[in-house]
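Note sheet for the following structure.
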Amino acid sequence: IPHRLSSPQLAILAAAAYPDRADGPVDPVGHGTGAFRLTSVEGTAGATLERYEDYWAGKAKAPGIDVTFVPDGTARGAALRTGSADLVEAVPVSQVATLDDALLHEVPMPRTCTLYLNTSSGAFADAGLRAAARDALDPEALISTVYEGHADVVAGLLGPALPWAPPLRSWDGAYAGAKGAAAQGSVPGAAKAGSVPAGTTITVGSYTDRPELEEIMVLLTQQLEAAGFTVSTDVREYAQIEADALAGSFDAFLLSRATVLDSGDPVAYMVSDFSSSGSFTLCFLKDAAVDEALARAGALAPGQERKKATMAAEQAILATTAAIPLLHERVIQGEAEGLSGAERDPRERALVTIETKTGQ
């Protein structure tokens, strides 16, 4: 099932939550089959849950949960610092220095900050120029400055949140003397960098929904210009820029990309982003070797052979330099003193379980 259907939006509710009419609204308040029952929702401001005493897997240790939705990262950090919250999701890197290290827990995420290159038109239709851009970028500089060290150096598309991936790579992940994944041909079959003709202009797009991407764009632009590219940027809210990105309006697009999607299986992400028939292709790649590798991986049952085939597909994708992985993100979770049993989930799906409790 995890390889076929899984999503945080997929919830099983009690029969009473469903309307009598086919077009009636579903009402989750007061109904549910989990460890906690939703008792009230205050729009986008918060929600209240109480322990469901008849939960099949056992009685939760916490009597209930008071949830506050706080979009502002500084305010989330302040809630942990002042003790007004027991558990805080996604503490921003900018708040780390203001908080007690003992309250913070970093969890590698299956999410890779990636620069997608448009292989169908413009400068990056040329493999040598794609390789030149690849070798110009310095992910370690991005990690040390923008993320203040709270991210992982790339070795490919898949990061440390998938611990089975690195041992199955056929190349050295250390990249001695190289600046990033596939740099200087470290990945077998990767093209060598060509010279950048004078006046080569590229447009790079990204979005404001993740503030760190705007900071990355500044350094990324400097690094590309140092290699000889003339760079213009276009940064908007994601809802306003997605259609243009999917239409091929940019030479490159910077995206924070989940690498396991809802299925829990990276093959789905690779097919979506890199196959000739992909539904979310920002690089517009049409490569027979990539399609063949993805088809082979997708046909295998979950297990070791599918994992091996997945890594072979990753190698085929990186060899095209259609995408340049820059870093693997981490989520920083805040847990107040006395809290125990919180789930530290790389996919940010689980947080409070039946074991979660405060010291009070």
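The table below lists the values:
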read-out	value
Centroid-to-centroid separation of the range 326-351 and the range 255-273 [C-alpha atoms, Å]	21
Taking Lys357, Lys192 and counting other C-beta atoms within 10 Å, the order from fewest to most	Lys192, Lys357
Summed residue charge, Cβ within 13 Å of Ala17's Cβ, Lys/Arg positive, Asp/Glu negative	-1
In sequence order, calculated HN-Hα J values of the range 305-322 (Karplus, 6.51, -1.76, 1.60; Hz; x Gly/Pro)	5, 5, 4, 4, 5, 4, 6, 5, 5, 4, 4, 5, 5, 5, 5, 7, 6, 6
Percent of beta bridges antiparallel (DSSP, the chain, rounded to nearest 5)	80
Footprinting exposure proxy for Tyr207, Tyr238 (fewest neighbouring C-beta atoms within 10 Å first)	Tyr238, Tyr207
Exposed GluC sites (Glu not before Pro) absent - longest run of the chain, DSSP non-H/G/I/E/B, at most 12 other C-beta within 10 Å	238-336
Potential lengthening between Ser249 and Val41 on full extension [0.36 nm per residue; Cα-Cα distance subtracted]	70.8 nm
Sorted by Cβ neighbour density within 10 Å, fewest at the top, the residues Thr145, Thr310	Thr145, Thr310
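Here, each number is a calculation from the coordinates, and none is a lab measurement. It should be emphasised that the depicted structure is a prediction, and the values quoted were computed from it without experimental measurement. Glycine gets a Cβ as well: all are built from the backbone with ideal geometry, and neighbour counts include every protein chain shown.
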